[in-house]
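Structure first, commentary second.
The values are calculated or read from the model by the stated rules, or taken from the named source; none is laboratory data. All figures in this text were calculated on a predicted structure; none of them were measured in a lab. Quick reminder, even Gly has a Cβ in these numbers, built from the backbone with ideal geometry, and neighbours come from all protein chains shown. Protein only, heavy atoms only, side chains kept; ligands, DNA and RNA dropped before computing areas. Shrake-Rupley method; radii C 1.70, N 1.55, O 1.52, S 1.80 Å.
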Amino acid sequence: MNSIENLSQDSLGRRYFLETYGCQMNEYDSSLVAGLLEARGYTPTDDPGAAQLILVNTCSVRDKAEETALEKLRSIAHHRRRNPAVRLGVLGCMAENRRESILERIPEVDILLGPDHYDRLGDLLDHPNPGQKLTSALGPDIAQTYEGLFAAAPAGSSAFVAVQRGCDMKCSYCIVPTTRGPERSRPLRDVLEETRRLVAKGVGEVTLLGQTVNAYRADDGNFGEMLSALDGVPGLRRIRFMSPHPRYFTEPLCQTMAGLEHLCHHIHIPLQSGSSRVLRSMRRQYSRDQFLRIVDRIRSHLPEVALTTDIIAGYPGETQAEHLETISVMEAVRFDTAYMFAYSPRPGTLSAEMQENLSAEEKSARLAEIIEVQRRHTYERLDSCVGATQEVMLEGASRRNGEEWIGKTTHFRKVVLNPGPEARAGLVVQAKIIARRGQILWGELA
Ligand code: SAH
Ligand code: SF4
Ligand code: F3S
């Protein structure tokens, strides 16, 4: 009998191990997969050696992300060799994009599923292809929004909700449109249903996910309408979203955002570069000045907002003057935090064909300068909170000391405090900020 059949016929007590790399979208997808498996009687384990089904959800965004996932796969493949009943599966962006190199380097892999095919997993386990070692489902499915499927609720008080899949932008450096296919929006009714279910399980904060999330446009609503509808969900305290594209922060959207009660005072607005020439080459669809005007527009509607960003250092052809233009936009905007990366060529993207003018060391040096500027801004922004009273949503007990908890402000700033005996994840307290240590604030109950 085929061993996958074995696996499915005795699914009671079957364990799965699922490790996730990459962005929040991958984390969300993993909770979708967890929901599907748990509905079939699988239970999670942290020990790949105790699992019959070992899954790794992978990321292709930079070379390092791919190497880390391959390393992980290599380190757990022996469980598959040792026990023929074990199944080893690769999910996510690398499954889509790196099929050949995965199979070449990790021949033990049995299952390859791209991001649009997770609903096939149950079927694959129940009805394996007899005699065929590898089962795979790859390629974009433009209709796939996982309609009617809901992710497993997380342990804590905040949850991700995918509202859009894929991406229609063609940023020159980015592999995501290749791995995740064209953009499509999940029906608003499903977004609302999933949110209500999460709130019923104790979730107080949702982060809406999409690659250009503010371009969300379903048959039953657009992005502004979705935010307004979620603002009215009873029990939901906080709404965030990731990642918007600068060009979709229109005047009407900013007006809508300003009128919402539960939208957090934090917006992630990816800059990538501060040079108009580099932005054109990246195909980002905004110039340096347009980006600065969009920031002004957001701040004119949400004066208290904290802004975070993504920056790429050392894009092909970037001159020293263009690198300094990125720093000058950082100086002008003063982001609260930034996710900063050295450019990594991704085979198959437009910019991978371009000649790189910088060595790895030179790219790292530019990245280090950007990180240093950002550190100064982050400290400045955090220092300006000291003395103020802020609303903090508790997330979990600190590992350092059982009485201390970690929580977040609406601005996405981390605060450590002792909330007293009432403490539980999701509780919202007023805290007086007393100090900053590194990138973390310390507070006491106000
Ligand atoms: N859709 C989102 C996120 C894309 S991936 C957005 O547009 O903002 C997350 C970040 O990874 C990007 O914002 C970019 O800063 C970075 N990134 C993507 N491709 C990269 C590459 N080839 N090299 C370095 N950083 C990259
Ligand atoms: Fe990649 Fe650009 Fe799409 Fe973001 S908007 S996922 S950077 S192609
Ligand atoms: Fe990585 Fe795919 Fe997300 S490439 S960043 S896991 S969309």
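Only residues that are modelled with pLDDT under 95 and buried (at least 23 other Cβ atoms within 10 Å of the Cβ) were counted across region 67-82, and they come to 0.
Considering every residue within region 240-249, establish whether at least one is aromatic (Phe, Trp, Tyr), more than 23 Å from Ser157 (Cβ to Cβ) and not in a loop (DSSP other than H, G, I, E, B).
Quick first cut of region 240-249, residues aromatic (Phe, Trp, Tyr) only: 241, 248-249.
From what is left, the residues that are more than 23 Å from Ser157 (Cβ to Cβ) are 248-249.
Imposing the further condition that a residue be not in a loop (DSSP other than H, G, I, E, B) reduces the set to 248.
Yes: one or more hits.
Pairs meeting the criteria (first residue in region 331-342 and within 13 Å of Val295 (Cβ to Cβ), second residue open to solvent by less than 40 Å² (accessible area, probe 1.4 Å) and not in a strand (DSSP E or B), beta carbons under 7 Å, at least 6 apart or on different chains) are Val333/Val295; Arg334/His377; Phe335/Gln374; Phe335/His377; Asp336/Thr378; Asp336/His411.
Against the condition within 16 Å of ligand 3 (Cβ to nearest atom), touching a residue at least 40 places away in the same chain (Cβ under 8 Å), of a type outside the set (Lys, Arg) and part of a helix (DSSP H, G or I), how does Glu66 come out, does it pass?
Details: within 16 Å of ligand 3 (Cβ to nearest atom): yes; touching a residue at least 40 places away in the same chain (Cβ under 8 Å): no; of a type outside the set (Lys, Arg): yes; part of a helix (DSSP H, G or I): yes.
The answer is no for Glu66.
Under 9 Å between Cβ atoms, at least 6 apart or on separate chains: pull out the pairs that start in region 351-371 with a residue that is on the phi < 0 side of the Ramachandran plot and end on any residue that is in a helix (DSSP H, G or I) and loosely packed, with under 13 Cβ neighbours inside 10 Å. Partner pairs satisfying both residue conditions: Arg366/Gln320. Exactly one residue among Leu103, Leu192, Leu149 is under 20 Å from Gly348 (Cα atoms), open to solvent by 20 Å² or more (accessible area, probe 1.4 Å) and more than 18 Å from the chain's Cα centre (by Cα), and that residue is Leu103.
This table checks each residue for (1) surrounded by fewer than 22 Cβ atoms within 10 Å (Cβ to Cβ); (2) within 13 Å of ligand 1 (Cβ to nearest atom).
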| residue | (1), (2) |
| --- | --- |
| Thr212 | yes, yes |
| Phe223 | no, no |
| Ser228 | yes, no |
| Leu236 | yes, no |
| Leu253 | yes, no |
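Within region 159-189, work out how many residues are under 20 Å from Ala229 (Cβ atoms), open to solvent by less than 10 Å² (accessible area, probe 1.4 Å) and part of a helix (DSSP H, G or I). Of the residues in that region, 0 qualify.
Taking the listed residues Leu37, Leu12, the one that is in the same structural domain as Leu88 (by TED's automatic domain parsing), on the phi < 0 side of the Ramachandran plot, modelled with pLDDT under 95 and part of a loop (DSSP other than H, G, I, E, B) is Leu12, with no other qualifying.
Quick one: in region 255-268, of everything that is within 16 Å of ligand 1 (Cβ to nearest atom) and more than 14 Å from Ser300 (Cβ to Cβ), which residue is least open to solvent (accessible area, probe 1.4 Å)? Break it down into steps so the answer makes sense when it comes.
Initial filter on region 255-268 (within 16 Å of ligand 1 (Cβ to nearest atom)): 266-268.
Subset that is more than 14 Å from Ser300 (Cβ to Cβ): 266, 268.
Details: His266: 22, His268: 2 Å².
If we take residues in region 255-268 being within 16 Å of ligand 1 (Cβ to nearest atom) and more than 14 Å from Ser300 (Cβ to Cβ), then His268 is least open to solvent (accessible area, probe 1.4 Å).
Looking only at residues in region 157-177 that are among the small types (Gly, Ala, Ser) and more than 12 Å from ligand 3 (Cβ to nearest atom), the one that is farthest from Arg196 (Cα to Cα) is Ser172.
May I ask you to verify whether Ile311 is buried (at least 18 other Cβ atoms within 10 Å of the Cβ) and within 14 Å of ligand 2 (Cβ to nearest atom)? I'd like the intermediate steps shown before the answer.
Numbers: buried (at least 18 other Cβ atoms within 10 Å of the Cβ): yes; within 14 Å of ligand 2 (Cβ to nearest atom): yes.
Taking the combined requirement at face value, the residue satisfies it.
Scanning region 362-380 turns up no residue that is touching a strand residue (DSSP E or B) at 6+ places or on another chain (Cβ under 9 Å), assigned to a loop (DSSP other than H, G, I, E, B) and more than 30 Å from Gly181 (Cβ to Cβ).
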